[in-house]
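Asker: This is the structure, below, for whatever I ask next.
The values are calculated or read from the model by the stated rules, or taken from the named source; none is laboratory data. Only a predicted model underlies this, so the values are computations on that prediction, with no experimental measurement involved. With ideal geometry, Cβ positions are generated from the backbone for all residues, glycine too; neighbour counts draw on all protein chains shown.
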Amino acid sequence: MVCGYIQKENNILSVVLGQYYEDNLIYKGHVTLGVSTDDFRLIAATKKLKSPPFQVTAGNENAVWISPEHVCIVKYMMKTSTGSMRQPVFKGIRDDKEPQECIERT
């Protein structure tokens, strides 16, 4: 699900992703490719948070954190040995799923 975004140079945007593991929301990385203007408008209009909804790694210092309420689809080639997505592409927002349904399966 979408938990924030980072605006970069030349109007490039990275969406920060999260997913539930048990009852905890955890950081799952970012995706830059595929974010449409309409999706970004929806994301940018979401309630802002003062701090991240989970513990984050370096590279997220300039993120704008939002309420984790938008479920999204992200396609990727494979997961790395550390669980990161290889070559992720944002495919859009889903309105047929609730954030609590975004559960990491082991």
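Asker: Can you say whether residue 91 is over 27 Å from residue 50 (Cβ atoms) and surrounded by 10 or more Cβ atoms within 10 Å (Cβ to Cβ), as far as the supplied structure shows? Step through it out loud before you land on a result.
Answerer: Details: over 27 Å from residue 50 (Cβ atoms): yes; surrounded by 10 or more Cβ atoms within 10 Å (Cβ to Cβ): yes.
Considered against the rule, which asks whether it is over 27 Å from residue 50 (Cβ atoms) and surrounded by 10 or more Cβ atoms within 10 Å (Cβ to Cβ), residue 91 comes out as yes.
Asker: What residue, among those in segment 60-81 that are of a type in the set (A, V, I, L, M) and touching a helix residue (DSSP H, G or I) at 6+ places or on another chain (Cβ under 9 Å), is surrounded by the most Cβ atoms within 10 Å (Cβ to Cβ)?
Answerer: Here is the first cut: in segment 60-81, the residues of a type in the set (A, V, I, L, M) are 63-64, 66, 71, 73-74, 77-78.
Remaining after also requiring touching a helix residue (DSSP H, G or I) at 6+ places or on another chain (Cβ under 9 Å): 64, 66, 71.
Values: 64: 14, 66: 21, 71: 19.
Per the criteria, the residue is 66.
Asker: Looking only at segment 14-36, count how many residues are more than 14 Å from residue 69 (Cα to Cα), buried (at least 18 other Cβ atoms within 10 Å of the Cβ) and of a type in the set (Gly, Ala, Ser).
Answerer: Qualifying residue count for the region: 2.
Asker: Take segment 37-59 and flag every residue that is under 19 Å from residue 25 (Cβ atoms), surrounded by 14 or more Cβ atoms within 10 Å (Cβ to Cβ) and at pLDDT 90 or above.
Answerer: Passing the criteria: 43, 46, 49, 52, 53, 54.
Asker: Could you please let me know if residue 84 is in contact with a Cys (Cβ under 9 Å, 6 or more places away or on another chain), closer than 19 Å to residue 5 by Cβ, surrounded by 11 or more Cβ atoms within 10 Å (Cβ to Cβ) and of a type outside the set (D, E, K, R)? Spell out how you get there, then give the answer.
Answerer: Values: in contact with a Cys (Cβ under 9 Å, 6 or more places away or on another chain): no; closer than 19 Å to residue 5 by Cβ: yes; surrounded by 11 or more Cβ atoms within 10 Å (Cβ to Cβ): yes; of a type outside the set (D, E, K, R): yes.
The answer is no for residue 84.
Asker: Then there is this: Picking from 27, 76, 20, which residue would you name as being in contact (Cβ under 8 Å) with a residue 12 or more places away in the chain and touching a Pro at 6+ places or on another chain (Cβ under 7 Å)? Working first, answer last.
Answerer: Working: 27 fails: touching a Pro at 6+ places or on another chain (Cβ under 7 Å); 20 fails: touching a Pro at 6+ places or on another chain (Cβ under 7 Å).
Only one candidate passes the filter, namely 76.
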